[in-house]
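Since the structure comes first, as structure tokens, the remarks are kept for the end.
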Amino acid sequence: MEMFCYQCEQTAGGKGCVKMGVCGKDPEVAALQDLLIYLLKGIGFYGQKILEKGKKIDKETHKFVMDAMFATLTNVNFDAERFVEYINKAYKIKENLKELAGNIEENIPDAANYKIPSTKEEMIDDAKKVGVMADEDLDQDIRSLRELLIYGLKGMAAYAHHAYVLGKTDETVNNFFYKGLAATLNDNLTIDDLFNLNMELGQVNFKCMELLDSANTGAYGNPEPTEVLITKKKGPFIIVSGHDLKDLKELLEQTEGKGINIYTHGEMLPAHAYPELKKYPHLVGNYGGAWQDQQKEFDNIPGAILMTTNCLQKPRDSYKDRIFTTSIVGWPDVAHIEEVNGKKDFTPLIEKALELGGWQEDEEEKKILVGFGHNTVLSLSDKIIEAVKKGDIRHFFLIGGCDGARPGRNYYTEFAEKTPKDTIILTLACGKYRFNKKDFGKIGEFPRLLDVGQCNDAYSAIKIAVALADAFECDVNELPLSMILSWYEQKAVCILLTLLSLNIKNIYLGPTLPAFISPNVLQVLVDKFNIKPISNAEADMKEILG
Ligand code: SF4
Ligand code: SF3
């Protein structure tokens, strides 16, 4: 076995990537990521001790922890050299925290005592002793719950990072990283303890998504219903992918008046609905489908591309010279734009777009509608409630989550197509590309398909559900609302934990169940929350609507 990773839905054979990641992560990067997580656990150990002693941890350390966790999330960073830098820095931070923690009267776990070697090769060698499967004798349910916690923390780290760059942090969120990481080293914790910690992570992640919502809406206003062009326009262009609205804003400022069109891609689509972003006339439209289509859609493209977060796939030679990464994202030999003194200089990206010249002519225009975050939907709540009471709206479906390449994901397209005409579809995250260009018509004045936003806007969907439950004086589980979710990477893991921690039941989850969930842990989730694997669209629809 050259590596072991089973953190995403795409994992080889539904069990684990052992030779090479299906995502393109090679054994070298996999090893360095394992070692980085090991060091982060050591940081968690000392961090938790510091917090227990009533002392504080500085902001830079919080920022490092979230960034380093985020870097190991699926399809974010594939650059071994960047991980060597993270490892060196993690070690220094761990040693600082050790000093700050002072005297500790208990056994110090190996991860906290670990000293890093000086070369990359030695680091890769050391990583063999610390990966997910290194302790062969570990109880499989304990391993499952520890990994669930780690993957949920990685997802939350991404959201905490986005809020942080917009100047918003929260001590409960920051501090939970240490508690969660430290818990994965604690052999005294029982299955119940670890299960409860995962539920606590769900609660803390709700706070984190709320924080990010207030960061995004505070900086760019509340999303409003907005038509978005999905066809090509003549002229030079830059495509911006990922979740980071601040990167998009900075690029919009730097391209103003330069004759460059900006297109969103993937999870950047909801950006069009924010007043402070849509005011730029050169934010012209959205390009392409979900992340797994990028190699085909970027092939030989006459424009430049900026990847702000996941999901990055191996760039083909036909566009390797015109794709740029920034922030946590990385690919060896792909140009990277660093932040210097709080500013990013996108000049190389802009010059590349101008040099490539862009599309030669306009395509016939097509548009889709976005911008149904909590503020918009709740402003319509009286009318929605009336429509439900009159029987015009029979049911709500939340069909969303991460997209991916497996053929089984056609389920979500079929399911959306099968929703009856008196039902509303709420959608979010990149899974929406399975059906967001279809015309679902309207119920009265409401479009039947409401795009709530990015994956982190699951916060909005929860707010909407809670408001409906309040209006109908019932529990969320008693609403005529069904959640049909798709997962791929670790942000979906933390969102799922949030939904479960809010006691949301009867979630349909697919396209397959996580390989890191052991049969016993799955049974607990089924017993407690009636979570169900998707079957086929027709049967599931029948089960839901009767
Ligand atoms: Fe495999 Fe997913 Fe891990 Fe990549 S992130 S190595 S595809 S399990
Ligand atoms: Fe998609 Fe990668 Fe997860 Fe934010 S962009 S949802 S998969």
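Summary of computed values
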| item | result |
| --- | --- |
| Entirely in region 206-302, the helices (runs of 4 or more DSSP H) that have 3 or more residues that are out of contact with any His (no Cβ under 7 Å at 6 or more places or on another chain), more than 18 Å from V370 (Cβ to Cβ) and touching a residue at least 60 places away in the same chain (Cβ under 8 Å) | 245-255 |
| Those residues of region 31-46 which are among the aliphatic types (A, V, I, L, M), open to solvent by less than 10 Å² (accessible area, probe 1.4 Å) and in contact (Cβ under 8 Å) with a residue 60 or more places away in the chain, in sequence order | L32, L35, L39, L40, I43 |
| Given (1) farther than 24 Å from C311 by Cβ; (2) under 23 Å from the mean Cα position of the chain (by Cα), index of the condition K258 fails | (2) |
| Out of E9, E2, E28, sole residue that is within 16 Å of ligand 1 (Cβ to nearest atom), open to solvent by less than 20 Å² (accessible area, probe 1.4 Å) and either of a type outside the set (A, V, I, L, M, F, W, C) or touching a helix residue (DSSP H, G or I) at 6+ places or on another chain (Cβ under 9 Å) (or both) | E9 |
| Hits in region 409-427 - residues which are in contact (Cβ under 8 Å) with a residue 60 or more places away in the chain, away from ligand 1 (no atom under 16 Å from the Cβ) and over 29 Å from K383 (Cβ atoms) | Y411, E414 |
| Any hit, region 6-23, residues being of a type in the set (G, A, S), within 16 Å of ligand 2 (Cβ to nearest atom) and touching a residue at least 12 places away in the same chain (Cβ under 8 Å) | yes |
| A158 being part of a helix (DSSP H, G or I), touching a Phe, Trp or Tyr at 6+ places or on another chain (Cβ under 6 Å) and farther than 30 Å from E267 by Cα | no |
| Lone qualifier among L306, L312 - being within 16 Å of ligand 1 (Cβ to nearest atom) and not assigned by TED's automatic domain parsing to the domain that holds R406 | L312 |
| Single match in K279, K258, K246, K296 (criterion: surrounded by fewer than 20 Cβ atoms within 10 Å (Cβ to Cβ) and under 24 Å from S318 (Cα atoms)) | K296 |
| So G358, is it modelled with pLDDT under 95 and either touching a Pro at 6+ places or on another chain (Cβ under 7 Å) or open to solvent by 30 Å² or more (accessible area, probe 1.4 Å) (or both) | no |
| Failed condition for F78, given (1) away from ligand 2 (no atom under 16 Å from the Cβ); (2) open to solvent by 10 Å² or more (accessible area, probe 1.4 Å); (3) in contact (Cβ under 8 Å) with a residue 24 or more places away in the chain; (4) under 24 Å from the mean Cα position of the chain (by Cα) | (1) |
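The values are calculated or read from the model by the stated rules, or taken from the named source; none is laboratory data. Only a predicted model underlies this, so the values are computations on that prediction, with no experimental measurement involved. Every residue, glycine as well, gets a Cβ built from its backbone with ideal geometry; the counts of neighbours run over all protein chains shown. Note: accessible area is taken over every heavy atom of the protein model, side chains too, but ligands, DNA and RNA are not part of it. Shrake-Rupley method; radii C 1.70, N 1.55, O 1.52, S 1.80 Å.
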